[in-house]
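The structure under discussion appears below in the form of C-alpha cells.
The values are calculated or read from the model by the stated rules, or taken from the named source; none is laboratory data. In this text the structure is predicted, and so the values were computed from the model without any measurement. Using ideal geometry, Cβ is built from the backbone for each residue, glycine included, and neighbour counts are taken over all protein chains shown.
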Amino acid sequence: MAKFIYRMQNILNIKEKLEEQARNDYAAQRAVLNEAEDEEERLRDTKKSYEKEAVKLRSDSLNIREIEENTNAIAILDRFIKEQHQVVEREEEKLEERRAELEEAIKERKTQEKLKEHAFDEFKAEINHQEAKEIDELTSYTFGAKKRGK
C-alpha cells in the first residue's frame, strides 16, 4: 500500500514552531506583566505604611520635620505608583499584542492541519478508487477466464 506523504509538511512544521514561539513570547510577556503588577502592589503597600506612620506622627507629639519628611515620602510614592501604573498599562498592551500574535499563529497552524487532513482524505479516496479499479479488473479477468473455460 502506498504511504501518505504530505507535500507541505515542512510548512506545517514551520507553523507549529511559530506557534510554539508565540506561546513562549506570550508567557514571557505575562511574566513581565506580573512582575510590574507586583511592583505596583509593593509600592501601594509601602504608601499605606507611610500613611499609617503619618497618622501616628500626628497623634504623638508633633515633630514638624518628621511629618514633613513623611508627607514628602508619600508624595514621592504617589509619583512612583503613577509611573508604575503606566508601566503596567504598557505591559498589558504588549501582552494583548502577544495574545493576538498567538491566536494568529494557532489559526495558521490549524489551517495547515485542515489542509493536511483534506490531502489525506483525497489520498484515501484515490487509494480506494485504485483498489476498486483493481478489483474490477480482477473480477473481469476471472469472469472472462471462466467463460473461456466453459
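Scan the stretch 1-18 for residues that are more than 20 Å from His118 (Cβ to Cβ) and surrounded by 15 or more Cβ atoms within 10 Å (Cβ to Cβ) and report the count.
Selection size over the stretch 1-18: 1.
Residues in the stretch 117-140: is at least one under 30 Å from Ala27 (Cβ atoms), assigned to a helix (DSSP H, G or I) and of a type outside the set (Val, Ile, Thr)?
yes
State yes or no: is Ala100 at pLDDT 95 or above, loosely packed, with under 13 Cβ neighbours inside 10 Å and over 30 Å from Leu18 (Cα atoms)?
no
Go over the candidates Glu39, Glu19, Glu53 one by one and state the one that is touching a residue at least 40 places away in the same chain (Cβ under 8 Å) and farther than 25 Å from Gln86 by Cβ.
Going through Glu39, Glu19, Glu53 in turn, just one is touching a residue at least 40 places away in the same chain (Cβ under 8 Å) and farther than 25 Å from Gln86 by Cβ: Glu19.
For the stretch 44-69, enumerate the residues that are of a type outside the set (Val, Ile, Thr) and either touching a Leu at 6+ places or on another chain (Cβ under 6 Å) or within 30 Å of Glu103 (Cβ to Cβ) (or both).
Of everything in the stretch 44-69, those that are of a type outside the set (Val, Ile, Thr) and either touching a Leu at 6+ places or on another chain (Cβ under 6 Å) or within 30 Å of Glu103 (Cβ to Cβ) (or both) turn out to be Lys47, Glu66.
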